[in-house]
Amino acid sequence: MRTPKKWVYFFALMPGAGHFYLEYMTRGLQLMLLFFGTIFVSAQLYGGFLLIFIPVIYFYSYFDAIKQYHWIKDTGYREDRPIIPWEIITVHRRWVGWALIGFAFLIGFNTFFTDFIYMIFPYQISDFLFNYGSKLLAILIIVVVGIALIRSERDEKESWHE
C-alpha cells in the first residue's frame, strides 16, 4: 500500500476525511454525518447537551483514522466496517422515526413556537417558556421513552415466562 503517512495525519484532522483517504467510505461518511449532524442539531437547539459529543466524535475520528492506517500498513488487510451498523435503522426504524420526530419538534419549538409565545403571553410567562420550554419538553420526551422501554422490557419478560 502506498499511502503517505503525512497525508493521513492531515486528512484525519477533519472527521471522516482521513477515512475517505484510506478508502473507508462507509466509516468516513458515518463519522462526518455524526460530527456535522451534531453541530447542526446543537445549533438548532441553541447549544445544549449535544455539544459534549463534538470533541468525542472529533478525537475518535482522528485516532481511528491513524489506527486504521497502521492496521492497513501492518497487515495489508482493509475492511470498511461501519461504526453504527446500518441494520439498526431498519430493525429499530420505529424508534429512529420517533427520535427524528422528537428532534424536529424541538427544533420547531425553538424557532417558530417561541415567536408565537411572545405574541400571545405576557413577557414573564413568555420568557419562562422560551428559556425552559424546550428543556421541559425534552425531559418529558425522555421520561416517556424511558417508561415505554421499561414497559416493553417487562412485557418481554412476562411473555418469556409463558
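The values are calculated or read from the model by the stated rules, or taken from the named source; none is laboratory data. Computed from a predicted model, the values in this text were never measured in an experiment. Glycine also receives a Cβ, built like all others from the backbone with ideal geometry; neighbour counts cover every protein chain displayed. We work out accessible area using only protein heavy atoms, side chains counted, and drop any ligands, DNA or RNA first. Shrake-Rupley method; radii C 1.70, N 1.55, O 1.52, S 1.80 Å.
Things worth noting here:
- Residues of segment 101-120 that are more than 13 Å from residue 45 (Cα to Cα) and modelled with pLDDT of 80 or more: 101, 120.
- When residues of segment 126-144 are limited to those that are of a type outside the set (Lys, Arg) and open to solvent by 80 Å² or more (accessible area, probe 1.4 Å), the one farthest from residue 43 (Cα to Cα): 144
- Selection from segment 5-45 of residues that are in contact (Cβ under 8 Å) with a residue 60 or more places away in the chain, open to solvent by less than 40 Å² (accessible area, probe 1.4 Å) and over 20 Å from the mean Cα position of the chain (by Cα): 8
- For residue 89: the one exception among (1) at pLDDT 75 or above; (2) open to solvent by 70 Å² or more (accessible area, probe 1.4 Å); (3) closer than 30 Å to residue 11 by Cα: (1)
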